[in-house]
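I have placed the structure first, in the form of structure tokens, so that the comments after it can refer back to it.
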Amino acid sequence: MRQAPQPPSLSLPSRAAVVAALFGIDRLSKLWAVKCLKPRAVIQVFSFFRFVYVENTGMAFGLGRHRNELFLALSTALLLVLVYLQNLWAKKNLWIQIGLLLIIAGALGNICDRVLYGHVVDFLDLRILSFDVFNVFNVADSCVSVGAVCLGLGILKDDAVEKRNAKPVG
């Protein structure tokens with residue numbers, strides 16, 4: 001009986017390089033925001049996009065303001081779980097691998113902010129017809145959001161493959 005082909009897998013050095021690159025991009029963008037944007041507060045780029053310096057002590061959508069220590073502890077615990085899952089699921093499909101790497105990189109970026117500054121630096125602001133599309137966010141937040149979508153797609157794909165390969169009982 002022929003065995004199903006193994007999905008492509010990223011090596012440990014490749015996974016570490018992806019996380020390091022995304023973390024680096026996040027750190028550099030936040031350093032720019034602190035050094036250059038903070039004194040100016042707002043830079044209008046397009047009618048629908050601007051840079052706005054925000055110090056976020058809460059979590060997504062500004063919930064839980066002034067609870068930095070709580071979110072630091074939760075983020076660190078989540079990061080440990082994600083690293084465990086990344087190692088456990090290293091041979092799963094590429095969507096799952098990439099999703100976990102994106103979420104890990106984003107979590108690391110925001111944890112670093114909470115440790116260094118006592119808040120997360122947000123600075124990206126999308127608007128449509130003068131309405132905020134999202135709260136102000138950063139590169140790490142984008143990694144987490146895109147990673148969650150990739151992870152979800154990967155899990156759905158993995159479930160579909162497992163159902164297709166399952167033998168009927170009876």
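FYI, it's all coordinate maths here, none of it is from the lab. Just so we're clear, the structure is a prediction, and the values are computed from it rather than from any experiment. Quick reminder, even Gly has a Cβ in these numbers, built from the backbone with ideal geometry, and neighbours come from all protein chains shown.
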Where does the stretch 14-164 land on Rg/Rh, using Cα atoms and the Kirkwood Rh? 1.02
Surrounding charge for W32, neighbours by C-beta under 14 angstrom, Lys/Arg +1, Asp/Glu -1, total +2
Whole-Hz couplings from phi, Karplus 6.51/-1.76/1.60, listed for the stretch 73-80; x for Gly and Pro: 5, 5, 5, 5, 4, 4, 4, 4
Integer Hz, Karplus 6.51/-1.76/1.60 couplings in order for the stretch 137-154, x for Gly and Pro: 9, 9, 4, 4, 4, 5, 4, 5, 5, 5, x, 5, 5, 4, 4, x, 4, x
Under 5 Å between amide hydrogens, which residues at least 5 positions from F134 or on another chain qualify, with H placed 1.01 Å from N in the peptide plane? L126
Among V81, V54, V139, what is the fewest-to-most ranking by other Cβ atoms within 10 Å? V81, V54, V139
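In what order do W95, W32 fall by count of nearby beta-carbon atoms within 10 Å, going from fewest to most?
Exposure proxy ranking, most exposed first: W32, W95.
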Let me understand the stretch 96-149 better: what is its radius of gyration from the alpha carbons, and its Dmax, in angstrom? 12.5, 37
